[in-house]
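Peer 1: I have a structure here, written as structure tokens, and I will follow up with some questions on it.
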Amino acid sequence: MTFRISVLDRSPARRGRGSAQALRDTVAFARDIERMGYHRFWVSEHHSVPGVAGSAPTVLAAAVASVTSRIRVGTGGVMLPNHRPLVVAEQFGVLESLFPGRIDLGLGRSVGFTDGVRQALGQGREAAEDFGDQVRELLAFFSGDQTAYPGVHAIPAEGLSLPTFLLATGSGAGLAAELGLPLVIAPARGQRAMVEAIHRYRDTFTGAQPYVVVSTSVAVADTHEAARRLLVPEAWSTVYSRSHGVFPALSPVDEILALPKTDRERTRLDDIVASQIGGTPAEVTDRLGELVEATGAHELLVSTSTYDQSARVESFAALAELAGLSVSA
């Protein structure tokens, strides 16, 4: 494999273990991922989601960076409309100052999934419409070129250079191209839509070199069925959230498979699992090759979660072996 492979962990809660343990699991998982030789380890931002503990990515990134020494650490991503650009610049200036040369700044435009969350954050749906201006303001605080607030300096961020990535689905890819930033994209609307967005990004890119990171779920096991079982817990939480409006903590796969389900839920579960990359080492190698060939991705950001944490570690170890990553003691 000639592309980089990195990891995104959303700090999913597991039933009976709680949110505090989910955060500790993320930190422990980051140590495993560094040992396996992965390129980056990113954490995410979600608010008021019972099944996801990662609500403060800069704090969690600091915890991860403090227990690792080589792997790049960042956010996938900070939802910029929820924050003032000055504060985000200051936070990442602190991170880069404490862990020089290891911090990535990944930015997204989500403003929360419900009216209540948006109100608690002090934002409305329209806040996402200003995402482009917010990104420009943030970058100007790093460069020291901002003029909107005379005499204001983002200390210690000013003068620092951090790799900055934009998380996008379709139209957001245009902003990444306009600003000359790396693009992080997932097949949220299907692979065809993702590939079309990547083509637009490359065609309109205004910078030295476009850089594409494709995010997906990958599970590797000795059999196809065992890999599929790894993908079921998070897929079921996604299905449940669409039916009930709440993303629950991950549950054991045997309990999920035994649950009564509507035909729609069963179809959705099968569709989600089928859309992800899971199988034997040979099957996963083929599908990853097809994905990279279709997208021209420079890097894959793997975001797989499951109930059994040890099984997830084993899957990522198998993927690292497929990719020829350098495992350290």
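Peer 1: Out of (1) open to solvent by 70 Å² or more (accessible area, probe 1.4 Å); (2) closer than 23 Å to ALA13 by Cα; (3) under 21 Å from the mean Cα position of the chain (by Cα); (4) of a type in the set (Asp, Glu), what's the single condition that is false for GLU196?
Peer 2: The failed condition is (2).
Peer 1: Just to be sure before I move on: is GLY159 modelled with pLDDT under 95 and open to solvent by less than 70 Å² (accessible area, probe 1.4 Å) in the structure I sent?
Peer 2: no
Peer 1: How many of the residues in segment 199-218 are open to solvent by 40 Å² or more (accessible area, probe 1.4 Å) and assigned to a helix (DSSP H, G or I)?
Peer 2: Number satisfying all stated conditions: 5.
Peer 1: Can you run down the residue pairs with Cβ atoms below 7 Å, 6 or more apart or on separate chains, where the first is in segment 26-39 and over 13 Å from ALA65 (Cα atoms) and the partner is basic (Lys, Arg) and open to solvent by 30 Å² or more (accessible area, probe 1.4 Å)?
Peer 2: Note: pairs meeting the criteria are HIS39/ARG4; HIS39/ARG72.
Peer 1: State the number of residues belonging to segment 82-130 that are assigned to a helix (DSSP H, G or I), among the polar types (S, T, N, Q) and either surrounded by 19 or more Cβ atoms within 10 Å (Cβ to Cβ) or in contact (Cβ under 8 Å) with a residue 24 or more places away in the chain (or both).
Peer 2: Residues meeting the conditions: 3.
Peer 1: When residues of segment 246-278 are filtered for being of a type outside the set (Ser, Thr, Tyr), without any contact (Cβ under 8 Å) to a residue 60 or more places away in the chain, farther than 24 Å from GLY18 by Cα and not in a helix (DSSP H, G or I), how many remain?
Peer 2: 2
Peer 1: Assess whether SER143 counts as being farther than 30 Å from GLY324 by Cβ, open to solvent by 10 Å² or more (accessible area, probe 1.4 Å) and in contact with a Ser or Thr (Cβ under 8 Å, 6 or more places away or on another chain).
Peer 2: No; evaluated as a whole, the condition is false for this residue.
Peer 1: Name the single residue that is nearest to ARG15 (Cα to Cα) among those in segment 219-239 being polar (S, T, N, Q) and in a helix (DSSP H, G or I).
Peer 2: Restricting to residues being polar (S, T, N, Q) and in a helix (DSSP H, G or I), the top hit is SER237.
Peer 1: Can we say ALA168 is modelled with pLDDT under 95, in contact with a strand residue (DSSP E or B) (Cβ under 9 Å, 6 or more places away or on another chain) and either open to solvent by 80 Å² or more (accessible area, probe 1.4 Å) or among the hydrophobic types (A, V, I, L, M, F, W, C) (or both)?
Peer 2: yes
The values are calculated or read from the model by the stated rules, or taken from the named source; none is laboratory data. If you're wondering where the values come from, they're calculated on a predicted model, not measured in any experiment. Glycine gets a Cβ as well: all are built from the backbone with ideal geometry, and neighbour counts include every protein chain shown. For accessibility, only protein heavy atoms count, side chains too; no ligands or nucleic acids. Shrake-Rupley method; radii C 1.70, N 1.55, O 1.52, S 1.80 Å.
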